[in-house]
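Read-outs: derived from the displayed coordinates by stated rules, not from any lab. These numbers were taken from a predicted model, which means no experiment stands behind them. When we count neighbours, we look across all protein chains shown, and the Cβ atoms used for this are built from the backbone with ideal geometry, even at glycine.
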Amino acid sequence: MGFIQMLRAMLGLGVKVQAKVVETTQVSVAKAGVEIRSIWDFLQFNEHTQAFHLASVIRFDEWATMDEIRRRIFELFQVDYENERSLYPYLKTMVDIGLIETNSIGGKRKWRKKDLLIKIEKEDKEAKKEAETVKEATATA
């Protein structure tokens, strides 16, 4: 056995591999009746409250400082929070329950929304029938 053949044997290049047939059943997300939504679609805050204002102006894609948050609230709702401390308890509560993330760099705090996704499974008659037909098809195959 030469050096090249020994190297091929070690690397598995000269070995013939038999292909295994693997049967998998894949059900698409649409057929299974599964819907993925954000938890923010279901949260409803009382209108004209500080929590409502914060949830309306803080976004997912960018970090916002307190000055930016106050400016956005004033632009949207014409409400000026002269004392920043009135917003901090609401921000802290939203951070504590995991709805908003905080970042403190250079002595300035910044906040943004967390994108929390949930999976909703629908129990429709059609979904059950499709699941039964998939089971029957796999059983007969």
Would you mind ranking Met66, Met94 so that the residue whose beta carbon has the fewest other beta carbons within 10 Å leads the list?
Met66, Met94
Quote the Stokes-Einstein diffusion coefficient, in whole µm² s⁻¹, for the range 44-141, based on the Kirkwood radius over alpha carbon pairs, a temperature of 37 °C and a viscosity of 0.692 mPa s.
200 µm²/s
Bounding extents of the range 63-114 in its principal axis frame from Cα atoms, largest first in Å, are 28, 25, 18
Could you list Ile73, Ile97 so that the one with the fewest beta carbons within 10 Å of its beta carbon is first and the one with the most is last?
Ile97, Ile73
Taking the dipole about the Cα centre of the range 47-117, with the C-beta of Lys and Arg at +1 and of Asp and Glu at -1, give me whichever of Leu76, Val57, Ile105 is farthest to the positive side.
Ile105
Check each of the GluC sites (Glu not before Pro) in the range 68-141 and keep only those in coil by DSSP with at most 15 other C-beta atoms within 10 angstrom; list them in order.
Glu82, Glu123
Any idea how far apart Glu62 and Lys119 come out in nm if each label point goes 7 Å out from Cα toward Cβ?
3.4 nm
